[in-house]
Each structure stands twice: as structure tokens, then as C-alpha cells.
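A.B. asks: Encoded as C-alpha cells, here's the structure I'll be asking about.
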Amino acid sequence: MGYLILIGGFIIGFNKVETFKPKKPAPKTRFSIIIPFRNEAENLPRLLKSIENLNYHKLLFEVFLVDDASEDNSVEIIVSSGTDAILIPNKHKSNAPKKDAITTAMSFAKNEWIVTTDADCELPKYWLDTFDAFIQNHSADALVAPVSYQSENSFLNQFQLLDAFSLQGATIGGFGLNKPFLCNGANFAYKKTLFNEVNGFKGNENMASGDDIFMLEKLLEYNKNVAYLKSKHAVVKTTTKKSWRSLVAQHVRWAAKTSAYNNTFGKLTGIIVLLMNALIVTGIILAVLNSFNWFLLIAIVITKLIIDYILLAKTASFFNKKQTLKYFVFSFFVYSFFNVFVAVKSIFGGYTWKGRQFKK
């Protein structure tokens, strides 16, 4: 029942967040885009091309590429590209390289609005135009915006797309319920003055990841107006993991930081989702051993299938990816086992990120 109420609430919240349709006012917001990177030679050409193709007035934004001790030819690619982006080295001050990179770039940023994204992303042409139009029409202090994956014809890719849609659906739904608890640093914007007001990432420097969620929590703690920019023109696309091993490592990293979250609603959501998936995994195993009622298991599975599908269908439609839903049923069962496995693994060990080992 708790799971039904939770996902049902997200569906209602999703509908409450209006799709933003920019009226294209004369651009005036100045942005400083911060992009930390480490060993991203494969992805940088696509990122740099998307930066070059941004429609926004070139005098109204600057781009900082922060090198976190890359060991490949990432720097050479940037230098030879002729980009106007400013290349700076990361200054390590904590156990959180990405947070250090953002903090390092802050000292160089000249503009009031900071936008963060990742080096494995592709930015949409009207990205900054949409941010600017929203800022001019709303009194927001920070903006959370949509993130999706590049599509490929493989189950692993489509599985990750569905996973992303579940996260985006919960993100948008949380904002619609006035209980925001998720965001993605690949598409996140906030005022520089607020970053300084909340003392940046002070207080969670020992947690390697979580630059986005911890900043969101701080902004909410300080009663700042954080809005969700629900616009297809603002969708940033990133790449999926190429192997199940790397996907597990990514989710273990995400799970490892949840214990440090302060958002009660976010923690409760994680617990309810995990318990529901654990119930299905346990139920399947026990039913096979004739120790669990098959009819009860089928009833639970069908109920979860229906409520999950409604939320995913809404999210997939927003991202123009409804064709991904044909993988839903198989992914549904795989995800239950995947979610439980990641949860257990995150409890008993650290994780690898960008070739480095981190403790929980």
C-alpha cells in the first residue's frame, strides 16, 4: 500500500508540473557553465561540438572545463579543438574531486548563474535560451532540469533508459508534490551568490559524489526557491554504461551516498522502493520453493507493474522515447534483482569512480 501511495503521488505530482513553453524574450541572463572531467577523450568531441552549436549569445556565457588529473589525451583534444572554453586544473582540497572541481571553477566564474553539466553529455541547441526564458518569467534561485540517455539498440541501453525515466519521473513528481528530493548535476543551475551563502559543499566533502543532491538539500534547507524546468528544449543527453559491471559500480556509488542525505522524504522513498523490490525477489524465490502463495505473488507483481508503467509511460512520452516501453516487462523483473543486489553491495564495500577507489 505504501508503494502504491508513493508512486501514485509521483504520478499526480508529475501532472502538476507544467511543461514550460518559452516565449523567447531577448536574452539577458549571464551564465557560467562548469564541466569537470577526467579521462573523457571519447566523449569530449561530442560535448565540444554541442557547446559550439549553442544558440545563446556568445557574450552572455562562459564555459569552464576543469581537468581532474586526466591520464588520457583529454587535454590535448580540448586544446586542439580551438574552443573558447577555459581550461583549468582541479585543485584538490577534499576527498570529493568533482566537488573540488566545481569549487575551483567558482573562483574564476564571472557570472551570477552557474550551470553544471558533465563531460559525457550532449547539450541541446536552445539549452541556455530555455534557462534564460524561465529565469526571466519566474523568481527561481535554482533550476533542476531533465536528463536522458542516448538511445542504442541493446537491452542494456534500454534498461538504463527505463531506469533514468523512473528517476526523472520521481524527480518531477517530487517537485509537483512540493517535496523535491532529486536532481542531476548533468543539468543543474543555481546562483553563485547562493553557493557562497550556503558555504558550497562544506559539510559533505568526505563523500566523493553527491555534488548535486547535497547542494539541492542545502538550498532547500536555506528556504531557497528551487524549480523544475520541464521543457524538452532543456533536455541534456548523456551516455549509458557499456557493461553491467560499470552500471553496478555507478549505482553502488549512488546508493553509498544515500546514508548521508538529510531529506527525510528522499530516504523514505528509497526505503519503500527497496522493500518493494526485495518483496518481489523474496516472493519469487520462496514461491519456487513452494513457500509463498503464487496467487499473492502474482497480485503483487501485477499491481506494481501497472503503477510503474503509468509513471514510466508519462516520463517516456515527455522524453519522446515511448518505444523504450516495449522493454518494460523484462526490465521490471531484472530491475528488482538489480536493485536488491546494488543495495547489498553498497553496504559491504566501497566503489570505483573514474579509475579511483573510494570508501563509503
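A.B. asks: For a protection proxy built on the mean count of beta-carbon atoms within 10 angstrom, sort 126-133, 228-235, 251-258, 49-56 highest first, please. Don't jump to the answer; show the numbers that get you there.
C.D. replies: Values: 126-133: 24.0, 228-235: 21.5, 251-258: 19.6, 49-56: 16.0.
Descending packing order for the listed peptides: 126-133, 228-235, 251-258, 49-56.
A.B. asks: Ok, one more. Ignoring everything except DSSP H segments at least 4 long, calculate the 222 nm mean residue ellipticity for the chain; use -39,500 (n - 2.57) per segment, divide by total residues, nearest 500. Let's see the in-between values first.
C.D. replies: On the way: 12 runs with 176 residues, N = 360.
My calculation for the chain gives -16000 deg cm²/dmol from helical runs alone.
A.B. asks: Specify which residue in the list 290, 270, 216 is farthest towards the positive end of the charge dipole of the chain, using unit charges on the beta carbon of Lys, Arg (+1) and Asp, Glu (-1), about the Cα centre.
C.D. replies: 290
A.B. asks: Further question: Between segment 249-287 and segment 124-145, how many Å separate their Cα centres?
C.D. replies: Each part reduced to its Cα centre gives a spacing of 32 Å.
A.B. asks: Between segment 288-327 and segment 164-242, what is the separation of their alpha carbon centroids in Å?
C.D. replies: 27 Å
A.B. asks: Once all Cα-Cα distances of segment 77-228 are split into 10 Å bins that start at 0, what whole-number percent is in each one?
C.D. replies: Bin by bin from 0 Å, the calculated values are 10, 35, 37, 17, 1.
A.B. asks: Still on this structure, I have one more. Which angle from 0 to 90°, rounded to the nearest 10, does the C-alpha axis of helix 244-256 make with the longest principal axis of the chain?
C.D. replies: The two axes meet at around 80 degrees.
A.B. asks: Remind me, relative contact order of the chain in percent, using alpha carbon pairs under 8 angstrom and six or more residues apart? Write down the numbers at each step before the final one.
C.D. replies: Numbers: 587 pairs, mean separation 78.4, N = 360.
About 22 percent, as a whole number.
A.B. asks: Between 0 and 90 degrees, rounded to the nearest ten: what's the tilt of helix 264-288 against the longest Cα principal axis of the chain?
C.D. replies: Rounded to the nearest ten degrees, it is 40.
A.B. asks: Report the full-extension gain for the segment residue 278 to residue 232: residue separation times 0.36 nm, less the Cα-Cα distance, to one decimal in nm. Working shown, then result.
C.D. replies: On the way: separation 46, 0.36 × 46 = 16.56 nm, distance 3.44 nm.
The span from residue 278 to residue 232 would gain 13.1 nm if fully extended.
A.B. asks: Continuing with the same structure: Lys and Arg at +1, Asp and Glu at -1: add these up for the other residues within a Cβ distance under 14 Å of residue 26 and post the number.
C.D. replies: Values: positive: 23, 24, 28, 30; negative: 129, 132.
Residues close to residue 26 contribute a combined charge of +2.
A.B. asks: Determine the distance separating the Cα centre of segment 62-90 from the Cα centre of segment 1-30; give it in Å without decimals.
C.D. replies: With segment 62-90 and segment 1-30 each reduced to a Cα centre, they are spaced 34 Å.
A.B. asks: Sticking with this structure for a sec: Take residue 334 and residue 151, extend 7 Å from each Cα along the Cα→Cβ direction, and tell me the distance between the two endpoints in nm.
C.D. replies: Result: 1.7 nm between the two label points.
A.B. asks: Using r as the Cβ-Cβ distance of residue 202 and residue 16, and R0 as 41 Å, what FRET efficiency do you calculate, to the nearest 0.05? Provide the component values of the computation, followed by the final result.
C.D. replies: On the way: r = 34 Å, r/R0 = 0.82.
FRET efficiency, residue 202 to residue 16: 0.75.
A.B. asks: Based on the alpha carbons, how large is the Rg to Rh ratio for the chain when Rh follows Kirkwood?
C.D. replies: On the way: Rg = 20.4 Å, Rh = 21.2 Å.
My calculation of the ratio gives 0.96.
A.B. asks: Kindly express, to the nearest 10 degrees and within the range 0 to 90, the angle between helix 97-106's C-alpha long axis and the longest C-alpha principal axis of the chain.
C.D. replies: Result, in degrees: 30.
Every read-out reported here was derived from the displayed coordinates using simple, explicitly stated rules and does not represent laboratory data. Since we're looking at a predicted model, the values are computed, not measured. Don't worry about glycine lacking a Cβ; one is built from the backbone with ideal geometry, like all the others, and counts go over all protein chains shown.
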